[in-house]
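Take a look at the structure below.
The values are calculated or read from the model by the stated rules, or taken from the named source; none is laboratory data. None of these values were measured; they are calculated from a predicted model. Quick reminder, even Gly has a Cβ in these numbers, built from the backbone with ideal geometry, and neighbours come from all protein chains shown.
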Amino acid sequence: MFEAFRCDTDEDRRLLLKQARSIVMWALPQYGLDWTAISYIGLSDNITYKIETASTGSYLLRMHGRWMSNAEIQSELLLLQALNRVEGLTMPEGVANTAGTYILKADSEEDTSSLWVTVTRWVEGEHAGGHMTDQRIFDMGAMTGALHIAAAGFAPPAGFIRPVWGEQSFKREMDKLGRYYSGFVSETGWKTYQLAAAKILSELEGMEVNEDQYGLIHGDLHSGNVVFAGEQPYPIDFGRCGYGYYLYDLAAALLELSPGQRKRLIEGYASRKKLESGYVRRLECFFIMIMIGNYSHHASNPAEVPGLREQQPYSQAYLREYLKSAPFLFEVIEPEEMK
């Protein structure tokens, strides 16, 4: 039941969440939390709950998918602990349980699999939703630059391990997409994806790896993983943090913005961290890479397929411009006519 949280049917999902709720009730006393409310948040790479208490604030409880090892989760918590010591940064931070450790192992009653449970402090704030002003976009860019500078100052200890977001991870995403694309992409459209993927891999191979361009990144820094307290943005959900190009993080935030808003985000980023010359072309490469990765992530969920299908006129247009090596990041791109 635990394996990758795969839910092929509504009944699978219902049974999984029923079991997850039991694990929540088992885990909370081990963290010494006198809870007043438990709210289910969502099921994706992790199963997440908000835990509210009367005296010590709120917390995030995560049940981690089997794709992440104990060592990788421990490394995430170490990174967050270090980043929270940097002035001006506020991150989720791990909470120790009554045994003095930060991770619990929950075994399944139905099979031999198990999963890891962690609790972090809740970062207060609200998602911007439809209120993403130019100033908020600028500040989100500045926050991303500050985060990258702080992460570059972190000295990973022995045994520190996090995923790498690059050529191999992208190949895995394309392999998965190859199993599911037929639900929302035509054969002709799929060939366009394949051509774009080959170009991305070629560009990645030629990119230089140095401390100015590459290091520890958030890995999934879209607006859904940023909350605003007043007008101050704070990053949340570091479940995909790992090694990659800094532009990868920036591209994730750009994907949902208009051309003018993209310029504003980049201005904010550059106010904190210098961008290398010729960055726009590489940023466009990561833009397409993340767009394809997002489709790979959602393609196996039947409930997501109609939305993915609706997005294809725009996706194919971006792929078309990318394959032509035509600048598109700051241009209004007309959707492709789908046949």
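Key figures for this structure:
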read-out	value
Filtered residue count, region 15-45, keeping only those that are part of a strand (DSSP E or B) and of a type outside the set (A, V, I, L, M, F, W, C)	4
Test: residue 308 is under 21 Å from residue 172 (Cβ atoms), in the same structural domain as residue 169 (by the TED database), surrounded by 13 or more Cβ atoms within 10 Å (Cβ to Cβ) and touching a helix residue (DSSP H, G or I) at 6+ places or on another chain (Cβ under 9 Å)	yes
Failed criterion for residue 230 (all others in (1) touching an Asp or Glu at 6+ places or on another chain (Cβ under 7 Å); (2) of a type outside the set (Ser, Thr, Tyr); (3) closer than 25 Å to residue 84 by Cβ hold)	(1)
Candidates 326, 317, 303 - the one that is part of a helix (DSSP H, G or I), modelled with pLDDT under 95 and among the hydrophobic types (A, V, I, L, M, F, W, C)	303
Pairs, first over 14 Å from residue 311 (Cα atoms) in region 176-188, second basic (Lys, Arg), C-beta under 9 Å, six or more apart	188/339
